[in-house]
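J.: Structure in structure tokens, see below.
The values are calculated or read from the model by the stated rules, or taken from the named source; none is laboratory data. Just so it is clear, the structure is predicted and the values come from calculations on it, not from any experiment. Neighbour counts run over all protein chains shown; Cβ positions are idealised from the backbone, glycine included.
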Amino acid sequence: MESAPAIQKLLDELERMPGIGPKSAQRIAYWMLNSDRETVLRLADAIVEVKNTVHFCSRCFNYAEGDLCEVCASHKRDESAICVVSEPRDIAAIERTAAFSGVYHVLGGVLSPMDGVGPDDLHIAELLKRLTDETVREVVLATNPNVEGETTAAYLARLIKPLGIEVTRLASGLPVGGDLEFADEITLGRAIESRRPL
């Protein structure tokens with residue numbers, strides 16, 4: 001059964017979003033159609049507002065509404081430690097732990113020669129400038145533990161270590177509540193390498 005042109009246009013646009021397939025697009029579209037006009041207009045206004053007001057922080061490339069993001073603008077953060085992440089959404093994940101009190105630097109992706117992403121396509125030069133301009137003692141490399149993330153972390157470590165700055169990597173291993181028998185060899189191996197005294 002074919003949809004009305006306006007509905008089909010909405011479905012097509014929703015399906016372009018990451019993680020939204022045809023069934024999810026239909027659920028969202030029908031929710032919009034069944035919602036009152038004010039609810040849908042609030043959603044539309046929020047989308048337009050975020051596109052008009054949010055941009056990248058001039059210092060770390062996190063999302064910001066002002067020149068600096070909330071983390072960079074805060075005087076309570078430890079500026080001697082920079083956590084390097086791939087994307088702004090990674091900052092939100094780390095902030096939820098409340099375990100890191102330093103500042104961040106967003107690369108804007110990871111090295112991926114297969115996809116044509118090299119060092120010049122990321123915010124690596126800006127990171128190195130920060131390391132010479134600011135009083136940084138530690139750089140925490142928090143890229144994902146996959147091939148591209150590991151490659152990016154190794155590349156950054158080679159650039160940063162000669163500057164006399166401590167370079168650390170997020171530990172990786174077993175999830176809490178996981179069973180050893182179900183862990184893959186790489187995860188279990190990393191858990192053994194990252195073991196710590198009790």
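J.: For Arg16, are the conditions met, namely being among the charged types (D, E, K, R), under 26 Å from Leu111 (Cα atoms), within 19 Å of the chain's Cα centre (by Cα) and not assigned by TED's automatic domain parsing to the domain that holds Leu127?
T.: No; evaluated as a whole, the condition is false for this residue.
J.: Still on this structure, I have one more. Of all residues in segment 51-71, count the ones that are among the charged types (D, E, K, R) and under 14 Å from Arg130 (Cβ atoms).
T.: 1
J.: Which of the residues spanning segment 167-198 are surrounded by 13 or more Cβ atoms within 10 Å (Cβ to Cβ) and not aliphatic (A, V, I, L, M)? Quick ask: steps written out before the conclusion?
T.: Here is the first cut: in segment 167-198, the ones surrounded by 13 or more Cβ atoms within 10 Å (Cβ to Cβ) are 167-170, 172-174, 178, 183, 187-191, 194.
If the condition is that a residue be surrounded by 13 or more Cβ atoms within 10 Å (Cβ to Cβ) and not aliphatic (A, V, I, L, M), then Thr168, Arg169, Ser172, Gly173, Gly178, Thr187, Gly189, Arg190, Ser194 are the ones that fit.
J.: Could I ask something else about it? With respect to the numbered conditions (1) β-branched (Val, Ile, Thr); (2) over 25 Å from Ser80 (Cβ atoms); (3) part of a helix (DSSP H, G or I), which one is the sole condition not fulfilled by Ile94?
T.: (2) is the only condition that Ile94 fails.
J.: State yes or no: is Leu156 in contact with a strand residue (DSSP E or B) (Cβ under 7 Å, 6 or more places away or on another chain), touching a residue at least 12 places away in the same chain (Cβ under 8 Å) and more than 21 Å from Ala64 (Cα to Cα)?
T.: Values: in contact with a strand residue (DSSP E or B) (Cβ under 7 Å, 6 or more places away or on another chain): yes; touching a residue at least 12 places away in the same chain (Cβ under 8 Å): yes; more than 21 Å from Ala64 (Cα to Cα): yes.
Yes, satisfied.
J.: Same structure, new question: Give me the residue from segment 92-124 that is among the aliphatic types (A, V, I, L, M) and under 14 Å from Cys72 (Cβ atoms) and, out of that set, surrounded by the fewest Cβ atoms within 10 Å (Cβ to Cβ).
T.: Val103
Let's see how each residue does on (1) outside any loop (DSSP other than H, G, I, E, B); (2) in contact with an Asp or Glu (Cβ under 7 Å, 6 or more places away or on another chain); (3) modelled with pLDDT under 95:
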| site | (1), (2), (3) |
| --- | --- |
| Met114 | yes, no, yes |
| Glu126 | yes, no, no |
| Asn144 | no, no, yes |
| Thr152 | yes, no, no |
| Leu156 | yes, no, no |
| Ile160 | yes, no, no |
| Gly173 | no, no, yes |
| Val176 | no, no, yes |
| Glu181 | yes, no, yes |
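J.: Quick one: would you say Ala64 is in contact (Cβ under 8 Å) with a residue 12 or more places away in the chain and either among the aliphatic types (A, V, I, L, M) or more than 25 Å from Val85 (Cα to Cα) (or both)?
T.: Working: in contact (Cβ under 8 Å) with a residue 12 or more places away in the chain: no; either among the aliphatic types (A, V, I, L, M) or more than 25 Å from Val85 (Cα to Cα) (or both): yes.
Judged against the criteria, Ala64 is not a match.
J.: Which residue is modelled with the lowest pLDDT, if the candidates are limited to segment 43-97 and must be hydroxyl-bearing (Ser, Thr, Tyr) and more than 20 Å from Ile160 (Cβ to Cβ)?
T.: Thr97
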